[in-house]
Amino acid sequence: MPTFVQILDFIGTFAFAVSGIRLASAKRFDWFGAFVCGFAVAVGGGTIRDVLLDVTPAWMTDPIYLLCTGLALVWVILFGKHLIHMNNTLFTFDAIGLALFTVVGCGKALALGHPWWVAIIMGSITGAAGGVIRDVLINETPLIFRKEIYALACVAGGTMYWICWKFGAESFVCQVVGGVVVFVTRVISVKYNICLPILNGHEEKD
């Protein structure tokens, strides 16, 4: 039977893969290109995290990530016409994936004995880096470089995960609290248009 963390990982993989494949379809990618985009989104952040933590990336030891991405592709193919009018649903998938991957990354770093700041960074990389790869593949400016609260939501959730862990809470509680903070932060920031200030550069005058 899969563990709770594995279930979170699988759900996050499917959610991110759907978001990546849907955006690839909007750019008129073919099925294979859409699959590659979805897979890159789903495993990109986790791969960077695992390389930094000096462990074998999870998708290289378990084919379930390929299968999840394949299921996401089939899902988008079958229901693609409905998804066109489901921007809120797609946003929800992305926010869920962001939350789930953040807590998985934090937990993995802490389980390997790394300090709190490394855990928060690993959680943020796991959650946000896949989206960066997705946006690069579809030729869009990555969300984390725009005004929207995206990676910062991962930092907030990762911080709450660590606080719960530090006070001896069960891993399940840490995961739920951290994931909810990521999700709620992301949703509220978009709903109320909360964003970081733009860094204005000084243009050179002739």
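Restricting to DSSP loop positions (anything but H, G, I, E, B) with no more than 15 other Cβ atoms inside 10 Å of their own Cβ, which GluC sites (Glu not before Pro) remain in the stretch 130-192?
Filter output for the stretch 130-192: 140, 170.
Taking the chain as a Gaussian network of alpha-carbon nodes connected by springs under 10 Å, the highest mean-square fluctuation of the residues 60, 122, 160 belongs to 60.
Legend: ranking of residues 135, 62 from fewest to most surrounding C-beta atoms inside 10 Å; resulting order 62, 135. By the beta carbon rule, with partners counted only under 4.7 Å, the chain holds these lone Cys residues: 37, 68, 106, 154, 195. In terms of surrounding Cβ atoms within a 10 Å radius of their Cβ, 79, 172 rank from fewest to most as 172, 79. When the Gaussian network model of the chain links Cα atoms closer than 10 Å, the mean-square fluctuations of 52, 137, 98 top out at 52. Find the centroid of the Cα atoms in the stretch 130-157 and in the stretch 163-192, then give the distance between the two in whole Å. Computed from Cα coordinates, the inter-centre distance equals 19 Å. For the chain, lysine pairs with C-alpha atoms less than 26 angstrom apart, excluding pairs fewer than eight positions apart on the same chain, total 6.
For residue 187 and residue 11, what does the FRET efficiency come to when R0 = 25 Å and r is the distance between their Cβ atoms, rounded to the nearest 0.05?
Details: r = 17 Å, r/R0 = 0.69.
Taking R0 as 25 Å, the efficiency between residue 187 and residue 11 is 0.90.
By the beta-carbon count within 10 Å of each Cβ, the least crowded to most crowded order of 132, 103, fewest first, is 132, 103. Each Cα pair under 8 Å and six or more residues apart adds its sequence gap; the mean of these over the residue count of the stretch 1-134 is a relative contact order of 36 percent. The base-10 log of I(q)/I(0) for the stretch 4-191, evaluated at q = 0.08, 0.12 Å⁻¹, reads -0.22, -0.51 [Debye formula, identical scatterers on Cα atoms, solvent excluded].
Every number in this text was worked out from the coordinates using simple rules, so none of it is lab data. Please read all numbers here as calculations on a predicted model, not as lab measurements. No Cβ is skipped: glycine too gets one built from the backbone with ideal geometry, and neighbour counts run over all protein chains shown.
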